[in-house]
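Peer 1: What follows is a structure written as structure tokens; I'll ask about it next.
Taken together, the values in this text are just the output of simple stated rules run on the coordinates, not laboratory data. Bear in mind that the values here come from a model prediction, so they are computed numbers and not experimental data. All Cβ positions, even for glycine, are placed from backbone atoms using ideal geometry, and neighbour counts span all protein chains on display.
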Amino acid sequence: MQSHRATILLCAWALGRPVRTGRVPWTRALALRARLALAALPARAVLPALAVMLALSTGPASAQPPAAAPSPSPAPPARANPPLTPGAPARTQTSAPPVLEKLPDGRFRLGNLVLDKQEGSITCPGKVNMQEGLIEVFACTARGKLHESALQIDVDPLHLETALLALGLEYGRALKEQGEARRPEGDPVTAWVRWGKGESAQKWRAEDLVWNVHEAKPMRHVEWVFSGSQVINGSFMAQVEGQIITTYHDPFSILDNPLEDGADDTVYEVYKDRMPPPGTPVELILVDARTQHGARE
């Protein structure tokens, strides 16, 4: 469990902002120790951190003058291509997209999401999954509970957790079981959903797209809790289960409902008068709620 959390923290640190684990400052010295500890992590945990660090180290050049170019060395002799087997398709070389890319405007693209550290926001692509019916999940991946989720989001949960930590947010203590009455713990995040272009563009808070059946009105505006999911037997459970934002308390979700009615799975359904049809492309925008209250460090 600690090795996977260390990987997430390493990735977040590589994005350029110190983060904290619990109440202990994540300083440069600790980051150096974490780098040295990479050798102790399992390969599947090391690779994401190394990929992010490598992408940053090979990013845009700094303002310092470039070093003198080394003397060119003779090029190795060209290797002859093997003869093609008759009827066999020709091979084409394809390059995988980078794990992390620094965009011209200063934002970062991590997998499919875009991290804006200046604005304290993360934008995730996705689509409407349900336009009506009871839900326990507001947003999940393709591996999540699609039969009861309003949105389907196309991001890697590990990338999302890394991005949230890179904003300086702290995850709290996750719940022990689904539907637990205890309030989840963690830093606050505001969620928005945007779709359409031009005059047809719309942007709503996530809660405005959820209907409280018991109170016959939209869900109360909340700041979702960054509970951070869990790691069990070396697996990051948000990746396994696919839960991103849950209205019904879930220990494996990255963001959870802070309200008491989160312990009841019969409270919420999709607000069908506002939600666009299934399949509509949307963007889920997560904002560090501390920046909105002037509490950002």
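Peer 1: Quick one: which strands (runs of 3 or more DSSP E) sit completely within the range 164-283 and have at least 1 residues that are without any contact (Cβ under 8 Å) to a residue 24 or more places away in the chain?
Peer 2: Result: 202-205.
Peer 1: Given the conditions (1) under 18 Å from PRO277 (Cα atoms); (2) out of contact with any Asp or Glu (no Cβ under 8 Å at 6 or more places or on another chain); (3) surrounded by fewer than 21 Cβ atoms within 10 Å (Cβ to Cβ); (4) not β-branched (Val, Ile, Thr), which single one is not true for LYS217?
Peer 2: (1)
Matching residues to (1) in contact with a Ser or Thr (Cβ under 7 Å, 6 or more places away or on another chain); (2) aliphatic (A, V, I, L, M):
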| position | (1), (2) |
| --- | --- |
| ALA206 | no, yes |
| LYS217 | no, no |
| GLY234 | no, no |
| MET237 | yes, yes |
| VAL240 | no, yes |
| PRO258 | no, no |
| ASP261 | no, no |
| ASP265 | no, no |
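Here is a yes/no grid of residues against (1) surrounded by 24 or more Cβ atoms within 10 Å (Cβ to Cβ); (2) farther than 23 Å from PHE108 by Cα; (3) under 16 Å from the mean Cα position of the chain (by Cα):
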position: MET130; (1), (2), (3): no, yes, no
position: LEU134; (1), (2), (3): no, yes, no
position: VAL155; (1), (2), (3): no, no, yes
position: LEU165; (1), (2), (3): yes, no, yes
position: GLY168; (1), (2), (3): no, no, yes
position: GLU177; (1), (2), (3): no, yes, no
position: ARG182; (1), (2), (3): no, yes, no
position: VAL193; (1), (2), (3): yes, no, yes
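Peer 1: Looking only at residues in the range 204-214 that are surrounded by fewer than 18 Cβ atoms within 10 Å (Cβ to Cβ) and in contact with an Asp or Glu (Cβ under 9 Å, 6 or more places away or on another chain), which one is farthest from SER149 (Cα to Cα)?
Peer 2: Among those that are surrounded by fewer than 18 Cβ atoms within 10 Å (Cβ to Cβ) and in contact with an Asp or Glu (Cβ under 9 Å, 6 or more places away or on another chain), it is HIS214.
Here's the yes/no breakdown for (1) in contact with a Phe, Trp or Tyr (Cβ under 9 Å, 6 or more places away or on another chain); (2) among the polar types (S, T, N, Q):
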site	(1), (2)
GLY196	no, no
GLU199	no, no
ARG205	yes, no
VAL222	no, no
SER227	yes, yes
ASP250	no, no
SER253	no, yes
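Peer 1: Give the range 176-232 a look and list any residue that's acidic (Asp, Glu) and more than 25 Å from GLY120 (Cβ to Cβ), or say none.
Peer 2: Once the filter is applied, which keeps residues that are acidic (Asp, Glu) and more than 25 Å from GLY120 (Cβ to Cβ), the range 176-232 yields GLU177, GLU180, GLU199, GLU215.
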